[in-house]
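Below is one structure, written out as structure tokens; comments come after it.
The values are calculated or read from the model by the stated rules, or taken from the named source; none is laboratory data. Keep in mind that what you see is a predicted model, and the values were worked out from it rather than measured. Quick reminder, even Gly has a Cβ in these numbers, built from the backbone with ideal geometry, and neighbours come from all protein chains shown.
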Amino acid sequence: MLTLLYGTRHARKEIYRRIRRNTDGARRAYLIVPDQKALLAESELSGILPPCAALYADAVGFSRLANLVCRRYGGLTYNYANDGAKALSMYRAVRRLRPMLKVFTGDIKPATLSSLCALYTEFRAAAVTPDDLAEAADRLPPSPLADKLRDLALLFTAYSGLLHEHFAEQTDDLDTLCDLLAAHDFFGGAAVYIDSFVSFTKQELTVIERMLSRGTDVTIALPYARGGGVHLLECADTRKRLIKLAARLGCAFEEQYTADAEPNLDDPLEFAKARIWDFAVAESFAGSVGDALTLVRCTDRREEARLCACEIFRAVSDGAAYSDIAVVMRNTADYEGILDRYLARCGIPHFFSVKTDAATLPLTRLILSALSLIVWDFRLADVTAYIKTGLCGLSDDACDLFEEYISRWNINGARRYLDGEDFTMARDGYTAEAVDAASLADINAIKRQFAAPLARFADSLAHAGTVRDFTAAVFDYLTDCDIKNACTRPEIVRYFGVDRTADAIRLWNVTMDALDTLVDAAGDETVTAAEYSTLVELLFSGIDIAEIPTSMDQVMLGSTDNIRIDRRKYVIVLGVNEGTFPAPVAESPTLCESERRTLAAVGVELSQSLELRSARELYSFVRVLDFADTRVTVTYHTTAADGSAASPSFAVERLLRIFGDSLLTYDFAALAPIERLCCTAAAVDAAAAAGGAYGDALRASLAKFGVVLPPLDRAHITGGAAALTEKTAAALAGDVLRLSQSRLDTYGDCHLKYFLQYMLSLEDDEPFTFNPADTGTYVHSILERFVRDTQAAGRRIADYTPEELHVISVRLCTEESRRIMCASGGGNARFISFFERMQKNVELILSDLVAEFAESDCEPLLCEYRIGMDGGHAPLVIDLPVGGRASLRGIADRIDICRADGKTYLRVVDYKTGKKVFRESDLEKGKNLQLLIYLFTLCRVTDAAFLDRVGAGSTDALVPAGATYYVVKPPTVKRDAPPAAEADIPTEAAGMLGRSGFILDSEALGHMIDRTEKKVFSKSLTRKDAGEMDALFDTVQTAIAKLAGDMRAGKIDCAGTARGANGPCRYCDYAAVCRMNPTKGDEDDA
């Protein structure tokens, strides 16, 4: 007899009552539930039945039932294939049959293999064989679908053979179960109850048919209700199938409705379950909802986590245990690291019911990324992924430093990592400054440590030919790096303060078992390194690692698919947003809906239609509501993880429609602050963000419990008047504040930018790409080498001929361009063309230098001279009015020297490729101090090594001759028509190379520096006598003392930053941090 019992929890209670009656009468009873619910059902039965009833009652899934039957009659199978083994077998099938296929001829991608495996499982569940597919293809006219079915028939036949060489499938057990039940009366007088199913596969229906054909009493509970609803379409379809089955077998049949099937519409939760997807009924709830159902609007997922903690503490304060509460979401990945971490901070015991993909864990990521490095020639992305596993033997600091360097220089290719050569480019990118040798040495030490095991691994893979050989190479690599012990290091196994050492050891064992499986299944298969990498990726992606609860009294967290609960007093549903819950149902990528309908027309029926899968998704929301006994809290957020707007789902709209104003709804952010302070963690978060009297009071209250936070006034940040405490500022600055011109300029532009850039070291790690902004560095480097080479050759710059300059410019430009392209991984055609144009500009600049020195008694003394740095000139030190001192440092591009009347004159030259004009008015603002700092440091700060280079004694006076900005920006000559003579263009271009600065007002010196009649090289320079020179120095000292004093006082505000179209805010990288309006205020015309 077949009995259909309609309902959910009431139907389950009725089944338990009937099992109790059966066992009291010594009649055997079997309860069949989905495999994942068997343990829960067994636990519930043990709490209802007396101890002796265990002899007569079993709670099993279909898989466990197959095991019981096989144990009695024979046919047990072991070594079941996991998803990875299935994907591996499908890969081998596609690879072998590719020449014979017409549709599946492209690259073998993991997504395609997963889809094929899922389709095979669906066909098996529907009892559709490869022969059925081939016959269906023959019944169809020539078409892409017919070709696809023939491909699938070939693939599935080969796949089944390859898989069953080493593994078994659980679907095989169901076929065996059907055969054994046809041959034996296993149930013989027992009662069978089937619960918690919405639908059945063809194999499961065949098992039920075998039961009924032998007269077994079968009771099946379905979550069906009178009147139905679109969410019950799958239940309705299952009901029809069962009724047809009973009619075909001629067995007795009865339908019974429990209270669930006829819900109490006066109960708000019952009303919600019955009416949320019933679009045919327009009635609204007439009673009082109270707090049985609440809808909460949150800003984002983090705020949903805070709300969740508040609701949990509220329930516990009402007398609930933690185990009475469940938190359900559609996708756990959306909340991992947010929800669980916040609950842990709040001290809420919880268990996250989630399966972890083994391919995402450190050990498997190490293997996959190491293989990718070898296969794909050390792509930058693979190098980064490899070092971030935490298992490559590098410390966290070393990983950060190495990643920063290789990302900045976009270093790709095995040659760059395994050539044994050191990196030579500066850590800070392409700059005119000298390379920091110590920092570069650290980076190269890291490179050698990184490359050594990978070089040995690459050599092993190069000699491998079969899957067995490659797997042996992988194991040797893991042994070489001592990965087994590295997996259990404290920094690897601790997450959120929880020791995961046992999990790390389990992962090692699971990984080794997976590699053994790979060898067992395809050890003698000949593959390339790329194919082997794909196989390993497939294998690991099919392994899920799950945990079990460690305590009884825990809040259960999980997705609608994986959470293992039956009833809870309180249920919190997170993320009920459009496109998330209910989730959109997509068509199968391998067999679309129209193709499925065509298959059904030729006799091949599959149960998983798009309509039924959509109904199942709607039912999942009702199922979540059915978890709750007392209260359901539904939340949605308005801001997605990427900052875009998020909308509530259709489920929220339906709840609002069927309940109207009686539904309790509120915005969590709009609650009074005290209502959001559910625990100390919430109070700490609020105190860290709150300002004014409320923030002060909250911090004072926390201090009573030993939680001390620094005082913070939110208005100080948004209002642009932020400041560090005196203690913090002094600790950051130290006794001596070491400054450069770029730091002074940055602080003068914006105090906050200086703090963010230099104190917090916030900067973009964008890879280096040569662009026009780097032209200055390029020219700097060439001019430095030109002067050094000239000095090394013992020549004067004025002696070069045009022919020599051409050869020199080509050589220097070629060498510098090659250095840049080598460091940045090569250059494209545009890159090379740019350098070719730059050679002409460089030749022009060198010619201009020759012309200048031919009319001058000055000679270059030093290039790229370091001041205030290790191995350089002693710095200029200034005492600050607030205490402490400021030490000035930098690099002078060029220092020229000339001698007359027993005096030594020094001139500082700085190369500029942009617009640069020396203005005295800038000095008072702390701008453009660079030339004066260098000049006066050289002349007024005694340095014995420098005096030796100059050839002066310790008592000899060094006279400041002047300072010059030499603007070497590549000039542009415009012509409306072709010029009469090509030679006019270089002459005109040379005249566009400008100079700006000042010179000592001395007739003798002026003639020594520029002997031309029209003072071509000095006419734009400002004349200053000795007294005015001293005044300039006083101005510089005052400006530095003011800026450095403010730094040391902790002023990091942006209140004084000039706004407007020409202000520093226009292109500031930190605009999002300061939150100031860049257009407010006066325009800066400077």
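Looking only at the range 421-456, which residues are in contact with a helix residue (DSSP H, G or I) (Cβ under 8 Å, 6 or more places away or on another chain), modelled with pLDDT of 80 or more, part of a loop (DSSP other than H, G, I, E, B) and surrounded by fewer than 17 Cβ atoms within 10 Å (Cβ to Cβ)? The answer is 422, 424. Of the residues 6, 30, 56, only one is surrounded by 17 or more Cβ atoms within 10 Å (Cβ to Cβ), touching a residue at least 12 places away in the same chain (Cβ under 8 Å) and in contact with a Lys or Arg (Cβ under 6 Å, 6 or more places away or on another chain); which? Among 6, 30, 56, only 56 is surrounded by 17 or more Cβ atoms within 10 Å (Cβ to Cβ), touching a residue at least 12 places away in the same chain (Cβ under 8 Å) and in contact with a Lys or Arg (Cβ under 6 Å, 6 or more places away or on another chain).
How many of the residues in the range 628-662 are over 31 Å from the mean Cα position of the chain (by Cα) and not in a helix (DSSP H, G or I)? Show your work before the answer.
Just the residues of the range 628-662 that are over 31 Å from the mean Cα position of the chain (by Cα), to begin with: 628-632, 653-662.
Now narrow it down to the ones that are not in a helix (DSSP H, G or I): 628-632.
Total satisfying the criteria: 5.
For first residues located in the range 482-493 and over 12 Å from residue 392 (Cβ atoms) and assigned by TED's automatic domain parsing to the domain that holds residue 504, partners that are modelled with pLDDT under 80 and surrounded by 18 or more Cβ atoms within 10 Å (Cβ to Cβ) and lie 6+ apart or on another chain with Cβ distances below 6 Å form the pairs 487/504; 488/504; 493/504. Against the conditions (1) touching a residue at least 40 places away in the same chain (Cβ under 8 Å); (2) over 42 Å from the mean Cα position of the chain (by Cα); (3) outside any helix (DSSP H, G or I), residue 798 satisfies every one except (3).
For the range 388-401, the candidate set comprises residues that are assigned to a helix (DSSP H, G or I) and either free of Cβ contacts under 8 Å to residues at least 24 places away in the same chain or crowded, with 23+ Cβ neighbours inside 10 Å (or both); within that set, the residue that is farthest from the chain's Cα centre (by Cα) is 397. Taken together, 286, 309 contain a single residue that is modelled with pLDDT of 90 or more and outside the structural domain of residue 225 (by TED's automatic domain parsing), which is 309.
Among the residues of the range 872-889, the one identified as in a strand (DSSP E or B), touching a Gly at 6+ places or on another chain (Cβ under 8 Å) and closer than 23 Å to residue 951 by Cα is 876. For the range 897-1003, the helices (runs of 4 or more DSSP H) that sit wholly inside it and include 3 or more residues that are modelled with pLDDT under 75 and under 23 Å from residue 802 (Cβ atoms) are 984-990.
Here residue 356 passes the criteria (1) modelled with pLDDT under 90; (2) among the β-branched types (Val, Ile, Thr); (3) farther than 30 Å from residue 620 by Cβ except the one numbered (3).
How about the range 202-215: which of its residues are among the basic types (Lys, Arg) and surrounded by 17 or more Cβ atoms within 10 Å (Cβ to Cβ)? It would help to see each step written out before you state the result.
In the first step, residues of the range 202-215 are kept if they are among the basic types (Lys, Arg); the result is 202, 210, 214.
Passing the criteria: 202, 210.
Sub-7 Å Cβ pairs linking a first residue in the range 202-227 that is closer than 30 Å to residue 273 by Cα to a second residue that is of a type in the set (Ser, Thr, Tyr) and in a helix (DSSP H, G or I), at least 6 apart or interchain, are 222/238, ordered by first then second residue. Within the range 183-200, residues that are over 20 Å from residue 28 (Cα atoms) sit with their Cβ atoms under 7 Å from residues that are hydrophobic (A, V, I, L, M, F, W, C) and assigned to a loop (DSSP other than H, G, I, E, B), at 6+ positions apart or across chains, in these pairs: 196/33.
Look at the range 62-79: where a residue is within 19 Å of residue 204 (Cβ to Cβ) and a partner is charged (D, E, K, R) and assigned to a helix (DSSP H, G or I), sitting 6+ places away or on another chain with Cβ atoms under 6 Å, you get 62/204; 63/35; 66/173.
Scanning the range 586-607 for residues that are surrounded by 16 or more Cβ atoms within 10 Å (Cβ to Cβ) and under 20 Å from residue 240 (Cα atoms) yields 604, 606, 607.
Just to check your reading of the model, which residue among 583, 628 is buried (at least 20 other Cβ atoms within 10 Å of the Cβ), touching a Lys or Arg at 6+ places or on another chain (Cβ under 8 Å) and either farther than 30 Å from residue 468 by Cα or not assigned by TED's automatic domain parsing to the domain that holds residue 129 (or both)?
Working: 583 fails: buried (at least 20 other Cβ atoms within 10 Å of the Cβ).
Result: 628 is the single residue among 583, 628 that is buried (at least 20 other Cβ atoms within 10 Å of the Cβ), touching a Lys or Arg at 6+ places or on another chain (Cβ under 8 Å) and either farther than 30 Å from residue 468 by Cα or not assigned by TED's automatic domain parsing to the domain that holds residue 129 (or both).
Listed here are the residues, each with its yes/no results for (1) free of Cβ contacts under 8 Å to residues at least 24 places away in the same chain; (2) part of a helix (DSSP H, G or I).
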position	(1), (2)
505	yes, yes
508	no, yes
517	no, yes
537	no, yes
552	no, no
556	no, no
572	no, no
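Number of residues in the range 76-96 that are under 15 Å from residue 174 (Cβ atoms) and surrounded by fewer than 16 Cβ atoms within 10 Å (Cβ to Cβ): the value is 2.
Condition check for residue 647 on (1) surrounded by fewer than 18 Cβ atoms within 10 Å (Cβ to Cβ); (2) touching a His at 6+ places or on another chain (Cβ under 9 Å): one failure, at (2).
Name the single residue, out of those in the range 187-201 being β-branched (Val, Ile, Thr) and either within 19 Å of residue 57 (Cα to Cα) or in contact with a strand residue (DSSP E or B) (Cβ under 7 Å, 6 or more places away or on another chain) (or both), that is surrounded by the most Cβ atoms within 10 Å (Cβ to Cβ). So that I can check it myself, show each step before the final result.
Taking the range 187-201 and keeping what is β-branched (Val, Ile, Thr), we get 192, 194, 198, 201.
When the remaining residues are screened for being either within 19 Å of residue 57 (Cα to Cα) or in contact with a strand residue (DSSP E or B) (Cβ under 7 Å, 6 or more places away or on another chain) (or both), the result is 192, 194.
On the way: 192: 20, 194: 23.
Per the stated criteria, the residue is 194.
Within the range 136-181, the set of residues being buried (at least 16 other Cβ atoms within 10 Å of the Cβ) and without any contact (Cβ under 8 Å) to a residue 12 or more places away in the chain comprises 146 only.
Yes/no matrix, rows are residues, columns are (1) more than 52 Å from the chain's Cα centre (by Cα); (2) at pLDDT 90 or above:
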{"residue": "786", "(1), (2)": "no, yes"}
{"residue": "792", "(1), (2)": "no, yes"}
{"residue": "804", "(1), (2)": "yes, yes"}
{"residue": "807", "(1), (2)": "no, yes"}
{"residue": "844", "(1), (2)": "no, no"}
{"residue": "868", "(1), (2)": "no, no"}
{"residue": "873", "(1), (2)": "no, yes"}
{"residue": "881", "(1), (2)": "no, no"}
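Set side by side, the residues 25, 47 differ, and just one is closer than 26 Å to residue 629 by Cβ, without any contact (Cβ under 8 Å) to a residue 40 or more places away in the chain and over 46 Å from the mean Cα position of the chain (by Cα), which is 47. The lone criterion from (1) under 30 Å from residue 1073 (Cβ atoms); (2) polar (S, T, N, Q); (3) out of contact with any helix residue (DSSP H, G or I) (no Cβ under 8 Å at 6 or more places or on another chain) left unmet by residue 996 is number (1). Where helices (runs of 4 or more DSSP H) fall wholly inside the range 155-259, the ranges with 2 or more residues that are more than 21 Å from residue 122 (Cα to Cα) and of a type outside the set (A, V, I, L, M, F, W, C) are 202-213, 233-249. All of 688, 669, 693 fail the test of being surrounded by fewer than 16 Cβ atoms within 10 Å (Cβ to Cβ), modelled with pLDDT under 80, under 36 Å from the mean Cα position of the chain (by Cα) and not in a loop (DSSP other than H, G, I, E, B), apart from 688. For the range 610-617, check the following and say yes or no: at least one residue is modelled with pLDDT of 90 or more and of a type in the set (Asp, Glu). Yes - at least one qualifying residue is present in the range 610-617.
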